[in-house]
1. What residue, among those in region 18-65 that are over 16 Å from the mean Cα position of the chain (by Cα) and of a type in the set (Lys, Arg), is surrounded by the fewest Cβ atoms within 10 Å (Cβ to Cβ)?
2. Could we say that LEU71 is farther than 16 Å from VAL114 by Cα, touching a helix residue (DSSP H, G or I) at 6+ places or on another chain (Cβ under 8 Å) and not charged (D, E, K, R) here?
3. Given the options ALA97, ALA91, ALA49, name the one that is under 22 Å from GLY21 (Cα atoms) and free of Cβ contacts under 8 Å to residues at least 40 places away in the same chain.
4. Would you point out the residue of region 1-47, among those that are at pLDDT below 90 and assigned to a strand (DSSP E or B), that is nearest to ALA87 (Cα to Cα)?
Amino acid sequence: MITLQPPRDLDGEANPWLKLGLSASGLTRFLRAAQREAGLRGDVHVLLADDATLRRLNRTFRGKNKATDVLSFPAAGAEEGNDAGIAGDLAISLETAARQAARFGHSLRDEVRVLLLHGALHLAGFDHEVDGGEMAAREVELRQKLKLPAGLIARTLQPAHRRVRA
């Protein structure tokens with residue numbers, strides 16, 4: 001299930017999905033494909049929110065007082081296949097995603113998909129901070145398979161692509 005908490009400047013819009021160029025059904029289909037490829041079973045709940053919300057969640061749950069692009073919250077017992085059928089939750093900042101999409105020259109839709117894949121891999125038990133490159137390799141493989149632009153880990157290792165305007 002994907003929940004959209006529109007950024008403040010879109011609050012009250014009749015269809016904030018349309019204004020953002022996003023489709024709840026399209027993102028849900030992508031998330032299911034990413035889950036299958038990552039070997040992640042169970043429901044994933046996704047909150048698409050603003051930087052302030054991600055900052056609050058990051059501070060509360062990780063002790064880091066800054067906004068971030070994606071946070072993952074595995075369900076209790078998810079690694080052992082919990083009986084509730086829930087893999088966990090993801091929270092994505094649409095504001096940060098929009099900045100990153102502009103920086104790397106692709107759409108907000110593609111950036112949200114990159115973040116969904118990255119978060120799904122974390123929920124599947126991968127951790128790029130300690131796994132010696134295992135998550136990075138898997139993310140590259142799945143990014144190519146799912147036809148996504150450069151993933152989060154790969155982007156930190158290379159400079160941003162700059163679009164040249166003639």
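1. Per the criteria, the residue is ARG62.
2. On the way: farther than 16 Å from VAL114 by Cα: no; touching a helix residue (DSSP H, G or I) at 6+ places or on another chain (Cβ under 8 Å): yes; not charged (D, E, K, R): yes.
Taking the combined requirement at face value, the residue does not satisfy it.
3. Values: ALA91 fails: free of Cβ contacts under 8 Å to residues at least 40 places away in the same chain; ALA49 fails: free of Cβ contacts under 8 Å to residues at least 40 places away in the same chain.
Going through ALA97, ALA91, ALA49 in turn, the sole match is ALA97.
4. The residue in question is ILE2.
The values are calculated or read from the model by the stated rules, or taken from the named source; none is laboratory data. Since we're looking at a predicted model, the values are computed, not measured. Heads up, the Cβs are rebuilt from the backbone with ideal geometry, glycines too, and the neighbour counts pull from every protein chain shown.
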